[in-house]
Amino acid sequence: MTEAIITFDHVVKEYRRRGATVGRPETMRAVDDVSLTIDKGDIFGIIGYSGAGKSTLVRLINALERPTSGTVTVLGQDVTGLSEAKLRPVRQKIGMIFQQFNLFSTKTVARNIAYPLQLDHWRKDYQDKRVAELLDFVGLSDQADKYPSQLSGGQKQRVGIARALATNPQILLADEATSALDPETTGEVLALLKRVNEEFGVTIVLITHQMSVVQQIANRVAVMSGGKVVEQGDVYNVFAAPQQAVTKRFIATAVSGLPEPARVASLHDEWSGRIVTVLIRQRESQGGASGAAVSASGQNISELIARYGVGSSLLYGGIDTVSGSAIGSITYEFSGDGDLVERFLAELSRSSDVIDFGTAAAPVDYDAAVAASGLSTVAAVRHEEEAR
Ligand code: ADP
C-alpha cells in the first residue's frame, strides 16, 4: 500500500524578476504548475539542470518558501498557509542535508550532531546517548572530538546526515548532497542514504543534476525543466523509455555502452564483418506518464547466435543496473556465409532493438543507422550533444 507523504497540487512559485526591463514580465516562474506525489518510503529523485526550479520545489516542502498558488501537503498537513508556530512540529519531522555540508566549523563532530537536540531541549544524558548511536550508524564513532576541518568531504557529509537524523525525522531532503564529492565517496554516501531509507523508513527527496545518483538509489524520479515537471515515473521505466529530450540527455550521461561515431569508424577499420549494436533491457517497462510501454531487448542474443551459427565477436559495450534490472548496450561483429547474417539480424530485430552499422566494405552512415533503428533514443541524443 502506497501512502502519500508529500503532495504538490498545481503549485506555482513566482519570484519578482531582478532588474525588470520594459516588455518583460516582472515576475518569473521558478516552479510552474507542478503536481507531484511522493510516497512514504520513496527515495524520490528530482533531476534537472541548474535553474530548473529543483531547490525552490524542495524549499516549498519545509515551507521556507510559500507557493504563489496551489497547495503543498506534507505528512497530512496543508503547509501552504500554516503559521511559523504551527510549522514547527512539521519541520521537526524533516531533516535536510546540503552540498556544502553546512556544519559549524567551531563545534566538534559530536556537538554538531547534538545541535538539533539542544534546540529541541533534550536532556543532556539523552543527547549523549543519541549522538553515540548516530556516530555509530554513520561510522564515525572514532571522530567524535574532531572538528569539521579535520574531516574529508565524505566524512563531513556523514556528520551532516547524522545531524539531520538526530530528531528522528520522517523525511530527509538532500539538496545536491553528493555534488561536492568524488565518485567513490559519492557511492559511499549514497549507500548510507539507502540504509537511512531501509533501516529507519525515512522518505528521501534527492535533488541532483546527476542521473547516476538517481540510478544508484532512487526508486522514482521527476525530471524538471523550466520550472515544470516534464516527466516522472519509476526509475527503470524512465531509463528504459525516456520520453522527453531533456530526460534522454540525462540518461545518455548515465547509461554506458553506446559507441560514438568515431568508435564505430575504428571498429570498421579493425573488423570486416557486420557491426551491430544491440540494446539491452532486461525487462519491459510499463511506460511512464505517457503510458508508452517498451519491450525488453537483447534477451536472447546468445541463443540466436548459436541457433543460426553466425560468427560473433563482442567488441564494445556496457551494462548497468537500474532498479535491479540491466540496461545498456553491446556491440558485436557478426559474420557468416551468404545471407546468413541477414536472416539472423532479421530475427534478432524482431525481439530486440538493434542499430546496424553495416560492414567495413558497406558501412551505414552513423545518423542513418540510428534513424533506421527507429530509436529516437539515447544514441541519437548523445550524438546530437557531441555534434554541438
Ligand atoms: P535549481 O535548484 O534547479 O538550480 P532554483 O530553484 O534554485 O533552481 O531556481 C529556479 C529559478 O528561480 C532560477 O531562475 C533562479 O534564478 C530563480 N530564483 C530562485 N530563488 C530566487 C529568489 N529568491 N529570488 C528570485 N529568483 C529566484
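The values are calculated or read from the model by the stated rules, or taken from the named source; none is laboratory data. Model, not experiment: these values are computed from the prediction. Note: ideal-geometry Cβ built from the backbone for every residue, glycine included; neighbour counts use all protein chains shown. Only protein heavy atoms, including side chains, enter the accessible area calculation; ligands, DNA and RNA are left aside. Shrake-Rupley method; radii C 1.70, N 1.55, O 1.52, S 1.80 Å.
Sort out which residues of region 204-223 are of a type outside the set (D, E, K, R) and out of contact with any Leu (no Cβ under 7 Å at 6 or more places or on another chain), and write them in order of number.
Just the residues of region 204-223 that are of a type outside the set (D, E, K, R), to begin with: 204-219, 221-223.
Within region 204-223, L206, I207, T208, H209, Q210, M211, S212, V214, Q215, N219, V221, V223 qualify.
One line per residue, one yes/no per condition, for (1) over 23 Å from T178 (Cβ atoms); (2) in contact (Cβ under 8 Å) with a residue 12 or more places away in the chain; (3) among the hydrophobic types (A, V, I, L, M, F, W, C):
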site	(1), (2), (3)
G45	no, yes, no
N62	no, yes, no
T68	yes, yes, no
L117	yes, yes, yes
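Among the listed residues S179, S141, identify the single one that is modelled with pLDDT of 95 or more and either of a type in the set (S, T, N, Q) or not assigned by TED's automatic domain parsing to the domain that holds Q210 (or both).
Working: S179 fails: modelled with pLDDT of 95 or more.
Every option except S141 fails the conditions.
Do we have M28 as free of Cβ contacts under 8 Å to residues at least 40 places away in the same chain, within 13 Å of the ligand (Cβ to nearest atom) and among the aliphatic types (A, V, I, L, M) here?
Details: free of Cβ contacts under 8 Å to residues at least 40 places away in the same chain: yes; within 13 Å of the ligand (Cβ to nearest atom): yes; among the aliphatic types (A, V, I, L, M): yes.
Yes; evaluated as a whole, the condition is true for this residue.
Being open to solvent by 60 Å² or more (accessible area, probe 1.4 Å), within 16 Å of the ligand (Cβ to nearest atom) and modelled with pLDDT under 95 is true for just one of Q99, Q92. Which residue is that? Show your work before the answer.
Values: Q92 fails: within 16 Å of the ligand (Cβ to nearest atom).
Step by step, each of Q99, Q92 is checked, and only Q99 is open to solvent by 60 Å² or more (accessible area, probe 1.4 Å), within 16 Å of the ligand (Cβ to nearest atom) and modelled with pLDDT under 95.
Pick out the one residue from V131, V74, V90, V58 that is free of Cβ contacts under 8 Å to residues at least 40 places away in the same chain and in contact with a strand residue (DSSP E or B) (Cβ under 8 Å, 6 or more places away or on another chain).
Working: V131 fails: in contact with a strand residue (DSSP E or B) (Cβ under 8 Å, 6 or more places away or on another chain); V74 fails: free of Cβ contacts under 8 Å to residues at least 40 places away in the same chain; V58 fails: free of Cβ contacts under 8 Å to residues at least 40 places away in the same chain.
Of V131, V74, V90, V58, the one residue that is free of Cβ contacts under 8 Å to residues at least 40 places away in the same chain and in contact with a strand residue (DSSP E or B) (Cβ under 8 Å, 6 or more places away or on another chain) is V90.
Across region 245-260, which residue is farthest from D175 (Cα to Cα) among those that are open to solvent by 40 Å² or more (accessible area, probe 1.4 Å) and either away from the ligand (no atom under 16 Å from the Cβ) or touching a His at 6+ places or on another chain (Cβ under 6 Å) (or both)? Lay out the reasoning, then the answer.
Of all residues in region 245-260, those open to solvent by 40 Å² or more (accessible area, probe 1.4 Å) come to 245, 249, 253, 256, 260.
From the residues that got through so far, the ones that are either away from the ligand (no atom under 16 Å from the Cβ) or touching a His at 6+ places or on another chain (Cβ under 6 Å) (or both) too are 245, 253, 256, 260.
Numbers: A245: 24, T253: 20, S256: 26, E260: 33 Å.
Ranking the qualifying residues of region 245-260, first place goes to E260.
Kindly indicate whether S312 is in a strand (DSSP E or B), closer than 22 Å to A265 by Cβ and open to solvent by less than 50 Å² (accessible area, probe 1.4 Å). Quick ask: steps written out before the conclusion?
Working: in a strand (DSSP E or B): yes; closer than 22 Å to A265 by Cβ: yes; open to solvent by less than 50 Å² (accessible area, probe 1.4 Å): no.
Here the answer is no, as S312 does not meet what is asked.
Answer yes or no: is there a residue in region 29-44 that is polar (S, T, N, Q) and at pLDDT below 95. Working first, answer last.
Start the filter on region 29-44 by keeping residues that are polar (S, T, N, Q), which leaves 35, 37.
Applying the additional criterion that residues be at pLDDT below 95 yields none.
No, region 29-44 contains no residue that is polar (S, T, N, Q) and at pLDDT below 95.
Taking region 174-231 as the search range and keeping residues that are within 13 Å of the ligand (Cβ to nearest atom), in a strand (DSSP E or B) and touching a Lys or Arg at 6+ places or on another chain (Cβ under 7 Å), which one is farthest from Q99 (Cα to Cα)?
Per the stated criteria, the residue is M224.
Restricting to strands (runs of 3 or more DSSP E) lying wholly in region 1-113: which have 2 or more residues that are farther than 20 Å from V196 by Cβ? Break it down into steps so the answer makes sense when it comes.
Numbers: elements: 4-16, 27-39, 43-47, 69-74, 94-98.
Result: 4-16, 27-39, 69-74.
Look at region 31-52 and say how many of its residues are within 16 Å of the ligand (Cβ to nearest atom) and open to solvent by 10 Å² or more (accessible area, probe 1.4 Å).
Pass one, region 31-52, residues within 16 Å of the ligand (Cβ to nearest atom): 31-34, 36, 44-52.
Next, only the ones that are open to solvent by 10 Å² or more (accessible area, probe 1.4 Å) stay: 32-33, 49-51.
Summing the residues that are within 16 Å of the ligand (Cβ to nearest atom) and open to solvent by 10 Å² or more (accessible area, probe 1.4 Å) in region 31-52 gives 5.
Among the residues of region 63-78, write down those that are more than 14 Å from the ligand (Cβ to nearest atom) and either of a type in the set (K, R) or under 27 Å from the mean Cα position of the chain (by Cα) (or both). Can you show your working first?
We begin by selecting, within region 63-78, every residue more than 14 Å from the ligand (Cβ to nearest atom); these are 63, 69-78.
Passing the criteria: A63, G70, T71, V72, T73, V74, L75, G76.
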